[in-house]
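For reference, the structure discussed in these notes is given below.
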Ligand SMILES: Nc1ncnc2c1ncn2[C@@H]1O[C@H](COP(=O)(O)OP(=O)(O)O)[C@@H](O)[C@H]1O
Ligand SMILES: [Mg+2]
């Protein structure tokens, strides 16, 4: 089943067009990797998909269907709750670990202390961070290591129970061990969530994704099962990119 369907999607910043006629169906409860050289529009695609593009001075046109309904007919707030985003640079709020995780639930009206504690514990566990921080929940999140901060940001994104998690190069600032931790977590999360991950790490796309989309100069050149895209790409440009000929 497709949770998101994009039809002739164009995205712009001012007069500059960045995405051209993207047709893409995102499978529910799968991991979709978006690959492509720097500047090809990967981040713009994610920003479009949680309505952050407008906040960055951009706009989108075309058709997007989300959970069977016109994406643009949902209130922005609802889109951002149901489609979460995690950025490249870990960006915890300058608050305690606990407050990072209760921030959104409190905003959405959860007041019960026991319920909030439950959210904190369960999301930290999902993110594989609970054991490391359970004794320090009231310590500033900024004191965590980069890898811990990124796991905290993923846990935080999950506190509002989104259906889709968009991740923009979440491991690019992390070492191998932290990257492996996050990959493990994403594989587990894919049982309950739909994941779209932008990565410039082709080995990572190959390891964890079910589907791969290859973007080049704002166009979707190739999209399909990861195994096929990497072993038998249909487009010469995909093959060249995978072989490291450019990008
Ligand atoms: N806020 C912005 N305003 C104007 N142009 C932008 C903005 N953000 C990105 N761009 C341009 O859009 C194009 C695609 O950028 P981006 O989506 O960030 O690519 P990627 O994530 O694949 O590196 C680039 O040419 C970039 O310069
Ligand atoms: Mg980017």
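The values are calculated or read from the model by the stated rules, or taken from the named source; none is laboratory data. Everything numeric in this text was worked out from a predicted model, so none of it was measured. Reconstructed Cβ throughout: ideal geometry from the backbone, glycine too, with neighbour counts over all protein chains shown.
With respect to the numbered conditions (1) away from ligand 2 (no atom under 16 Å from the Cβ); (2) within 18 Å of the chain's Cα centre (by Cα), which one is the sole condition not fulfilled by residue 169?
(1)
Scan 147, 128 and give me the residue that is assigned to a helix (DSSP H, G or I) and in contact with a helix residue (DSSP H, G or I) (Cβ under 7 Å, 6 or more places away or on another chain).
147
Sort out which residues of the range 205-234 are outside any strand (DSSP E or B), buried (at least 22 other Cβ atoms within 10 Å of the Cβ) and within 16 Å of ligand 2 (Cβ to nearest atom), and write them in order of number.
Answer for the range 205-234, where residues must be outside any strand (DSSP E or B), buried (at least 22 other Cβ atoms within 10 Å of the Cβ) and within 16 Å of ligand 2 (Cβ to nearest atom): just 205.
Take residue 199 and tell me if it is within 13 Å of the chain's Cα centre (by Cα), closer than 21 Å to residue 38 by Cβ and either surrounded by 18 or more Cβ atoms within 10 Å (Cβ to Cβ) or within 16 Å of ligand 2 (Cβ to nearest atom) (or both).
yes
Filter the range 1-25 for residues that are part of a loop (DSSP other than H, G, I, E, B) and farther than 17 Å from residue 68 by Cα; which is nearest to ligand 2 (Cβ to nearest atom)?
Among residues in the range 1-25 that are part of a loop (DSSP other than H, G, I, E, B) and farther than 17 Å from residue 68 by Cα, the one nearest to ligand 2 (Cβ to nearest atom) is 14.
Between a residue in the range 38-62 that is closer than 17 Å to residue 157 by Cβ and any residue that is within 14 Å of ligand 2 (Cβ to nearest atom) and at pLDDT below 95, which pairs come within a Cβ distance under 8 Å, given they are 6 or more apart or on different chains?
Cβ pairs passing all conditions: 47/56.
Check 172, 145 and return the single one that is surrounded by fewer than 20 Cβ atoms within 10 Å (Cβ to Cβ) and touching a residue at least 60 places away in the same chain (Cβ under 8 Å).
From the options 172, 145, the qualifying one is 172.
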